[in-house]
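Let me begin by presenting the structure, written as structure tokens, before commenting on it.
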Amino acid sequence: MSAEEAPEYPLEGVVSWNMNTTCNYRCTYCTQRFLDDRTRWAKDLPAFIAAFARLPGDWEIKLSGGEPFLHPRFLDLVGALAAQGRRVSVVTNLSAKEDVLLRYAALTAARPGVLSASLHLEYADPDAFREKLLRVAAAHAGRTCVTCVATRANLPRLAALREAFAPLSFKVQPEKQDRDVIDYGQDEQDALLALGGHNGTGALAPTYEGRMCWAGARYLIVDDRGDAWRCYPARRARTERLGNLLDGTFRPRFAPEPCRYSYCNCTIPRERGMVLPSPLPHRSA
């Protein structure tokens, strides 16, 4: 790919901050279930808030975990980021009390991000989940979407669930084991692709290998300790580490660079125009 084919400079960068490993669910398909420590959470919030303030240009902070609403100072953090003028998004299993979710919506109203609600059918009743989400979405000024992991047990239910959650965006995520998409049969692959594939990409295991991507410059993955990586595949492979936001070693990239990974589970670079999505080859599991 030539330099002329690189995406334009994204005016707003995005940080995906996995701010804690704690979660009140223990889903059988969870990609974090083998972590050595499921009790960690970001301790020095003022240091993180200051680090995000130092990022050059405009940024959206996307909060995830674990379950971010379990952080004992979650709403304080959201308020501080909003006071910086940052756009705030969240990925949540929606198990927090409704008044807390509504408070989050109010705090982010000036520059709302995406409220991404993860429907975990091993724990949540879909009807109750839907009614609660619709009430919160009515108060949330930004975009709201629903995601659900397509386990083999869930897969036959997902088409009907997508209809039930209309008009909200409903996205499916193929199940992963040992960090890779499971070996779905052909009929299962066809059903998943009919539902849009991984997060609406049109593929089960999207690949952007070799394509110019702004990840590392305008997209970062940060964990609860402040360690930063270029993207999710980089963190998974423990490559392209960018240093630590809290100890002064963080060094971002300054230009788009070719993707180095044959399987990319990042959604934001594609949705924010940081990597050219078409034509997107389909990789089976």
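The values are calculated or read from the model by the stated rules, or taken from the named source; none is laboratory data. Nothing here was measured: the structure is a model prediction, and the numbers come from that model. All Cβ positions, glycine included, derive from the backbone under ideal geometry; neighbour counts span all protein chains shown.
Kindly evaluate Leu121 against the criterion of being out of contact with any strand residue (DSSP E or B) (no Cβ under 8 Å at 6 or more places or on another chain) and surrounded by fewer than 21 Cβ atoms within 10 Å (Cβ to Cβ).
Numbers: out of contact with any strand residue (DSSP E or B) (no Cβ under 8 Å at 6 or more places or on another chain): no; surrounded by fewer than 21 Cβ atoms within 10 Å (Cβ to Cβ): yes.
No; evaluated as a whole, the condition is false for this residue.
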**Asked** Assuming Gly216 fulfils every condition listed in (1) surrounded by fewer than 19 Cβ atoms within 10 Å (Cβ to Cβ); (2) on the phi > 0 side of the Ramachandran plot apart from one, which condition is it?
**Response** (1)
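Suppose we keep only residues that are at positive phi and either of a type in the set (Asp, Glu) or in a strand (DSSP E or B) (or both) within the range 222-266. Which one would you say is surrounded by the fewest Cβ atoms within 10 Å (Cβ to Cβ)?
Just the residues of the range 222-266 that are at positive phi, to begin with: 226, 238, 240, 243, 248.
Add one more test, that the residue is either of a type in the set (Asp, Glu) or in a strand (DSSP E or B) (or both), and what stays is 240, 243.
On the way: Glu240: 19, Gly243: 15.
Restricting to residues being at positive phi and either of a type in the set (Asp, Glu) or in a strand (DSSP E or B) (or both), the top hit is Gly243.
Results for (1) modelled with pLDDT under 95; (2) buried (at least 21 other Cβ atoms within 10 Å of the Cβ); (3) among the β-branched types (Val, Ile, Thr), shown as yes or no for each residue.
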residue	(1), (2), (3)
Leu115	no, yes, no
Ala166	yes, no, no
Gln189	no, no, no
Leu192	no, yes, no
Gly200	yes, no, no
**Request:** Scan the range 248-262 for residues that are of a type in the set (S, T, N, Q) and at pLDDT 95 or above and jot them down.
**Result:** Thr249
**Prompt:** If the Cβ limit is 7 Å and pairs must be 6+ apart or interchain, which residue in the range 237-248 that is under 17 Å from Tyr219 (Cα atoms) and without any contact (Cβ under 8 Å) to a residue 60 or more places away in the chain pairs with which residue that is exposed (fewer than 15 other Cβ atoms within 10 Å of the Cβ) and of a type in the set (Lys, Arg)?
**Reply:** Leu242/Arg251; Gly243/Arg251
**Asked** Do you know which of the residues in the range 68-79 that are surrounded by fewer than 20 Cβ atoms within 10 Å (Cβ to Cβ) and among the aliphatic types (A, V, I, L, M) is nearest to Cys27 (Cα to Cα)?
**Response** Leu70
**Message:** List the residue pairs whose Cβ atoms are under 6 Å apart, where the first residue sits in the range 138-161 and is farther than 17 Å from Glu175 by Cβ and modelled with pLDDT of 95 or more, the second is among the hydroxyl-bearing types (Ser, Thr, Tyr) and surrounded by 15 or more Cβ atoms within 10 Å (Cβ to Cβ), and the two are 6 or more positions apart or on different chains.
**Reply:** Cys145/Ser116; Cys145/Ser169
**Message:** If I ask for residues that are touching a helix residue (DSSP H, G or I) at 6+ places or on another chain (Cβ under 8 Å) and of a type in the set (Gly, Ala, Ser), which ones from the range 150-202 would you list?
**Reply:** Ala150, Ala159, Ala164, Ala191, Ala194, Gly202
